[in-house]
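Undergrad: First the structure, then my questions, so here it is.
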Amino acid sequence: MRTLYTLLAAAPLSAFGQSLVSTQPELRTALLEDFTGIHCQYCPEGHTVAAAIEASAPDRVVIVGVHAGPYATPGTGEPDFRTQAGTDIDAHFTIAGYPAGVINRHLFNGADDLGRGQWEGAVNEILGLSSPVNLGVESSFDAGTRDLTVNVVAYYTDNSPAGNDFISVLLKESDIVGPQTSTGGNIPNYNHEHVLRAYITPTWGDEVTTTTAGTTVTRTYTYNVPVDFDIAHCEVVAFISEDQSEVYQVREVMADGGTTLLIGGLDGPATPFAAGASGSSTAFGATFTNALGADGPFTVTLASTDAPADWSSGFTVMGNAYTGSATVTFANGTPEAIAVDIQPGASAGVATYTLTVASVDEPNAPVLFELMHVISGVTDLVITNPQAEPHDPLYMAGLAAANQAGRAKTSRALFGGFAGAGALGDVNNLYYNVSWTFPSLTDDVVAQLEAFLDGGGNLMIAGQDIGWDQSGDPNAYGTAITQAFYEDYMYADYVADGSTANSSVNFEDNDAVFGGVPNSNINNVFQGNSYPEEITPIAPAVPILRYNNPSKIGGLRVQTATYKLVYFGVGPEQMTTASVGEQMVKLSHDWFYGLVSVEELDAAFGGSLWPVPADGELNVSLDQPISAWQVIDAAGRSVLSPRTVTATDRLVVNVSGLANGTYSLLVTAADGRRAARSFTVAH
């Protein structure tokens, strides 16, 4: 390694022809050092958690996979991803268990190495902190000599609290195919990402001695890249920190031609989450300012990968409307508004739109982007924890079996955004796919769930180890807040972790909601890690599921004056019979809407209804008085209900004003029992 450096005490800096770094104060970015190894069975789960965190803020999170410790030792013929720098860093932070994450080398409650369940919260905490210094990087590669040249620029917007700081530069490589142990066994062709290959600076960095506000520091480093590193899949990571601790700022660029060149600033909406409505416009505002020093063309794009097909979108710049993508010339230094318009269609959905601005003349410069999220037509929303995404289809299938047209799914992070923006007003019910993930609950999510339930919404929540996570076990992630939610809102008392001895489920035969569900064996979904949870319902909650040992309860439901809640300590995805898992979701849905009678209206009230399908009138005969009735459409909305009810033996419902389709008649008996029956309207 050859190192050249320059220290300048003037600002602002136009480095290497154009500006690589902003002179405006910035929040910190996050460096996640993931301590891992090819023989660590839980490390792939750590990789998944890290990837989800990065995806939520791709321009502000940098991951480095540090292969070190006993699980990183290769066997005969296996690749060796270890480095001396990685081994030294692993020893410094006294990594004990793998995977472990060190986030910005910051102490969280006295700890620097965190379990994977703590990474998300720690990263979010870091992203909210200010940084005294900004960082810029550019990298070039000479294919003939294999010399890598890295230029680093640091600009201090404030005095560094530590005095002297240290610039660290490293090389990492992704898309390396090799062996990996997992909880499911050995994976011979695992795709290894973010693998630390070498430190270009000394392991603990290159010292910076002038760290006062207004100071600009530039450093140039060169490194000869070994021939077995694929430069096309390599990235340079640079960060500036205190001595062996607190990282203030981190950046990463492509090793071959990467740069943080500032093309401008893209400021998105203050609140990027909104509730939409079919056929109505949902507007977001953004502003772009060209900072390249001259007028020039930029490509502006608005796109979504998850919007329903009948949704539309577009944007307007300088009075011109566009859809998809457009090349627009922006004057240097002049802020220009970009108005984004999203129009949901009739289909229910949760969609993310990405607005990007890219320089035509500087194609290697970073692409600026802002995310905007819209929810529309959704009455029943599936929320999914990171790593539980493979089980989304089962939840959606259960809602499809319930003929719920207002179904949609989203991540835990996006749910929090919509909740915080007050955009869940049309959502009646939540279905929380926790599965076997950690932390099962967070303080932020609990606050959002409590507000939803207090507002009259209903919740189904399912997954093994939700209770164990609140048990106070020293290895669990539960907090006082999540533990209180488990007891006070879920009405559950944790008994035991469960084991493979809990090998089947037996639904309570006398339960009005789940009594008709067939029993099922419990499948080995988590590669031998089977912990069907044992709980005790807290009154007024009642048990709905027991294991093959009938003294062990695995599920409950509770109705309070405000909400209904269903809790399964074993997930629908763990049912050997898939249709049983679907029924767990479907019947939760039906109970939330009051559709609780397995035998439907005939058996519950000794009556009948005709004609089916109905045209102008639906006739219902009853053998007992009723106190209320209503007709509910496929989206769960009440479309017909009387002000008063006088019928005792016969009810006539005028359906002439209803559109063709499937509906449910919900009837409440004088004694409070409720039952429903589906019918169709065909004019």
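The values are calculated or read from the model by the stated rules, or taken from the named source; none is laboratory data. Note that the structure is a prediction, hence the values are computed from the model and not measured. Backbone-built Cβ (ideal geometry, glycine too); neighbour counts: all protein chains shown.
Undergrad: Being touching an Asp or Glu at 6+ places or on another chain (Cβ under 7 Å), in contact (Cβ under 8 Å) with a residue 40 or more places away in the chain and surrounded by 18 or more Cβ atoms within 10 Å (Cβ to Cβ) is the filter here, so list the residues in segment 398-416 that pass it.
TA: Quick first cut of segment 398-416, residues touching an Asp or Glu at 6+ places or on another chain (Cβ under 7 Å) only: 398-399, 401-402, 404, 406-407, 409, 416.
Now narrow it down to the ones that are in contact (Cβ under 8 Å) with a residue 40 or more places away in the chain: 398-399, 401-402, 404, 406-407, 409.
Selection gives GLY398, LEU399, ALA402, GLN404, GLY406, ARG407, LYS409.
Undergrad: Kindly indicate whether ALA388 is among the aliphatic types (A, V, I, L, M) and closer than 27 Å to HIS47 by Cβ. Steps first, answer last, please.
TA: Values: among the aliphatic types (A, V, I, L, M): yes; closer than 27 Å to HIS47 by Cβ: yes.
Yes.
Undergrad: How many of the residues in segment 265-295 are within 29 Å of the chain's Cα centre (by Cα) and part of a strand (DSSP E or B)? It would help to see each step written out before you state the result.
TA: Step one: of segment 265-295, the residues within 29 Å of the chain's Cα centre (by Cα) are 265-288.
Remaining after also requiring part of a strand (DSSP E or B): 265-267, 273-275, 282-288.
Qualifying residue count for the region: 13.
Undergrad: Residue by residue through segment 191-209, note down the ones that are assigned to a strand (DSSP E or B) and surrounded by 18 or more Cβ atoms within 10 Å (Cβ to Cβ). It would help to see each step written out before you state the result.
TA: Taking segment 191-209 first, the residues assigned to a strand (DSSP E or B) are 191-192, 195-199, 206-208.
The answer is HIS192, VAL195, LEU196, ARG197, ALA198, TYR199, ASP206, VAL208.
Undergrad: Return the only residue of THR305, THR289 being in contact with a Gly (Cβ under 6 Å, 6 or more places away or on another chain) and either without any contact (Cβ under 8 Å) to a residue 60 or more places away in the chain or acidic (Asp, Glu) (or both).
TA: On the way: THR305 fails: in contact with a Gly (Cβ under 6 Å, 6 or more places away or on another chain).
The unique qualifying residue is THR289.
Undergrad: Hey, among the residues in segment 457-477 that are among the small types (Gly, Ala, Ser) and either crowded, with 24+ Cβ neighbours inside 10 Å or not in a loop (DSSP other than H, G, I, E, B) (or both), which one's farthest from the chain's Cα centre (by Cα)?
TA: Looking at residues that are among the small types (Gly, Ala, Ser) and either crowded, with 24+ Cβ neighbours inside 10 Å or not in a loop (DSSP other than H, G, I, E, B) (or both), I get GLY467.
Undergrad: Whether any residue in segment 495-503 is surrounded by 20 or more Cβ atoms within 10 Å (Cβ to Cβ), closer than 27 Å to THR577 by Cβ and over 25 Å from the mean Cα position of the chain (by Cα) is what I want to check.
TA: Start the filter on segment 495-503 by keeping residues that are surrounded by 20 or more Cβ atoms within 10 Å (Cβ to Cβ), which leaves 498, 502.
Cutting the leftovers down to closer than 27 Å to THR577 by Cβ gives us 498, 502.
Applying the additional criterion that residues be over 25 Å from the mean Cα position of the chain (by Cα) yields 498, 502.
Yes, segment 495-503 contains a residue that is surrounded by 20 or more Cβ atoms within 10 Å (Cβ to Cβ), closer than 27 Å to THR577 by Cβ and over 25 Å from the mean Cα position of the chain (by Cα).
Undergrad: Taking into account only those residues within segment 432-452 that are aliphatic (A, V, I, L, M) and assigned to a helix (DSSP H, G or I), which is nearest to the chain's Cα centre (by Cα)? Walk me through how you get there before you give the answer.
TA: Step one: of segment 432-452, the residues aliphatic (A, V, I, L, M) are 434, 441, 445-447, 449, 451.
Then drop every residue that is not assigned to a helix (DSSP H, G or I), which leaves 445-447, 449, 451.
Numbers: VAL445: 11, VAL446: 15, ALA447: 17, LEU449: 16, ALA451: 20 Å.
This residue is VAL445.
Undergrad: Name the pairs whose Cβ atoms lie under 8 Å apart, with the first residue in segment 369-397 and without any contact (Cβ under 8 Å) to a residue 12 or more places away in the chain and more than 21 Å from PRO269 (Cβ to Cβ), the second assigned to a strand (DSSP E or B) and among the β-branched types (Val, Ile, Thr), and 6 or more positions between them or separate chains?
TA: Between residues of segment 369-397 that are without any contact (Cβ under 8 Å) to a residue 12 or more places away in the chain and more than 21 Å from PRO269 (Cβ to Cβ) and residues that are assigned to a strand (DSSP E or B) and among the β-branched types (Val, Ile, Thr), there is no close pair.
Undergrad: Given the conditions (1) in contact with a Cys (Cβ under 9 Å, 6 or more places away or on another chain); (2) surrounded by 22 or more Cβ atoms within 10 Å (Cβ to Cβ); (3) over 30 Å from HIS106 (Cβ atoms), and given that ALA286 satisfies all but one, which numbered condition is not satisfied?
TA: It is condition (1) that ALA286 fails.
Undergrad: Can you report the number of residues in segment 634-670 which are modelled with pLDDT of 70 or more, of a type in the set (A, V, I, L, M, F, W, C) and within 30 Å of ALA348 (Cβ to Cβ)?
TA: Residues meeting the conditions: 9.
Undergrad: Of the conditions (1) among the small types (Gly, Ala, Ser); (2) surrounded by fewer than 20 Cβ atoms within 10 Å (Cβ to Cβ); (3) farther than 21 Å from ASP34 by Cα, SER245 satisfies every one except a single condition; which number is it?
TA: (3)
Undergrad: For GLY516, are the conditions met, namely being in contact with a helix residue (DSSP H, G or I) (Cβ under 9 Å, 6 or more places away or on another chain), touching a residue at least 24 places away in the same chain (Cβ under 8 Å), at positive phi and in a loop (DSSP other than H, G, I, E, B)? I'd like the intermediate steps shown before the answer.
TA: Numbers: in contact with a helix residue (DSSP H, G or I) (Cβ under 9 Å, 6 or more places away or on another chain): yes; touching a residue at least 24 places away in the same chain (Cβ under 8 Å): yes; at positive phi: no; in a loop (DSSP other than H, G, I, E, B): yes.
No: the conditions fail for GLY516.
Undergrad: Moving to a separate point now. Take THR36 and decide whether it is farther than 29 Å from GLY417 by Cα, at pLDDT 95 or above, crowded, with 18+ Cβ neighbours inside 10 Å and not basic (Lys, Arg). Write out each step before concluding.
TA: Details: farther than 29 Å from GLY417 by Cα: yes; at pLDDT 95 or above: yes; crowded, with 18+ Cβ neighbours inside 10 Å: yes; not basic (Lys, Arg): yes.
Judged against the criteria, THR36 is a match.
Undergrad: Tally time: how many residues in segment 106-120 are in contact with a Leu (Cβ under 9 Å, 6 or more places away or on another chain) and surrounded by fewer than 23 Cβ atoms within 10 Å (Cβ to Cβ)?
TA: First, the residues of segment 106-120 that are in contact with a Leu (Cβ under 9 Å, 6 or more places away or on another chain): 106, 108, 119.
With surrounded by fewer than 23 Cβ atoms within 10 Å (Cβ to Cβ) added as a condition, the list becomes 106, 108.
Residues in segment 106-120 being in contact with a Leu (Cβ under 9 Å, 6 or more places away or on another chain) and surrounded by fewer than 23 Cβ atoms within 10 Å (Cβ to Cβ): 2 in total.
Undergrad: Further question: Checking the condition buried (at least 21 other Cβ atoms within 10 Å of the Cβ) and either charged (D, E, K, R) or over 24 Å from THR479 (Cβ atoms) (or both), which residue from VAL49, VAL102, VAL137 passes? Before you say what the answer is, go through the steps one by one.
TA: Details: VAL49 fails: either charged (D, E, K, R) or over 24 Å from THR479 (Cβ atoms) (or both); VAL102 fails: either charged (D, E, K, R) or over 24 Å from THR479 (Cβ atoms) (or both).
So the residue among VAL49, VAL102, VAL137 that is buried (at least 21 other Cβ atoms within 10 Å of the Cβ) and either charged (D, E, K, R) or over 24 Å from THR479 (Cβ atoms) (or both) is VAL137.
Undergrad: Specify the residue that is farthest from the chain's Cα centre (by Cα); the eligible residues are those in segment 213-258 that are in a strand (DSSP E or B), hydroxyl-bearing (Ser, Thr, Tyr) and under 20 Å from LEU27 (Cα atoms). Can you show your working first?
TA: So the first thing to find is which residues in segment 213-258 are in a strand (DSSP E or B), and the list is 216-224, 234-241, 247-254.
Keeping just the survivors that are hydroxyl-bearing (Ser, Thr, Tyr) gives 216, 218, 220-223, 241, 248.
Right, trim to under 20 Å from LEU27 (Cα atoms) and you get 216, 241, 248.
Details: THR216: 37, SER241: 29, TYR248: 25 Å.
Checking each candidate, the answer is THR216.
Undergrad: For ASN224, work out the one condition from (1) crowded, with 23+ Cβ neighbours inside 10 Å; (2) more than 21 Å from LEU20 (Cα to Cα); (3) of a type outside the set (Gly, Ala, Ser) it doesn't fulfil.
TA: ASN224 satisfies every listed condition except (1).
Undergrad: Out of (1) under 27 Å from PRO366 (Cα atoms); (2) in a strand (DSSP E or B), what's the single condition that is false for ASN186?
TA: In the conditions (1) under 27 Å from PRO366 (Cα atoms); (2) in a strand (DSSP E or B), ASN186 misses (1) alone.
Undergrad: Kindly check whether there is at least one residue in segment 302-319 that is more than 30 Å from HIS373 (Cα to Cα) and at pLDDT 95 or above. Even if it seems obvious, please write down each step before you answer.
TA: Within segment 302-319, the subset more than 30 Å from HIS373 (Cα to Cα) is none.
No: segment 302-319 contains no residue that is more than 30 Å from HIS373 (Cα to Cα) and at pLDDT 95 or above.
Undergrad: In addition: Which residues, taken from segment 229-261, are more than 17 Å from TYR156 (Cβ to Cβ) and among the hydrophobic types (A, V, I, L, M, F, W, C)?
TA: PHE229, ILE231, ALA232, CYS234, VAL236, VAL237, VAL253, MET254, ALA255, LEU261
Undergrad: Counting just the residues of segment 102-135 that are within 21 Å of the chain's Cα centre (by Cα) and among the charged types (D, E, K, R), which one comes out nearest to ALA57 (Cα to Cα)?
TA: Across segment 102-135, the extreme among qualifying residues is GLU120.
Undergrad: Here's a follow-up. With the requirement that a residue be outside any helix (DSSP H, G or I) and either modelled with pLDDT of 95 or more or farther than 20 Å from ALA408 by Cα (or both), what does segment 591-600 give you? Lay out the reasoning, then the answer.
TA: Filtering segment 591-600 down to residues outside any helix (DSSP H, G or I) leaves 593-599.
Within segment 591-600, GLY594, LEU595, VAL596, SER597, VAL598, GLU599 qualify.
Undergrad: I'm checking my understanding of the structure. Among residues of segment 369-422 that are within 23 Å of PHE526 (Cβ to Cβ), in a strand (DSSP E or B) and hydrophobic (A, V, I, L, M, F, W, C), which one is nearest to the chain's Cα centre (by Cα)?
TA: Residue satisfying both the conditions and the ranking: ILE383.
Undergrad: Is there any pair linking a residue in segment 110-135 that is farther than 21 Å from LEU441 by Cα and charged (D, E, K, R) to one that is outside any loop (DSSP other than H, G, I, E, B) and at pLDDT below 95, with Cβ under 8 Å and at least six apart or on different chains, and which?
TA: The qualifying pairs do not exist here.
Undergrad: OK, next. Consider segment 330-368. How many of its residues are closer than 30 Å to GLY457 by Cβ and not in a strand (DSSP E or B)?
TA: Initially, segment 330-368 is screened for residues closer than 30 Å to GLY457 by Cβ, giving 340-354.
Filter once more, keeping what is not in a strand (DSSP E or B): 344-348.
So the count comes out to 5.
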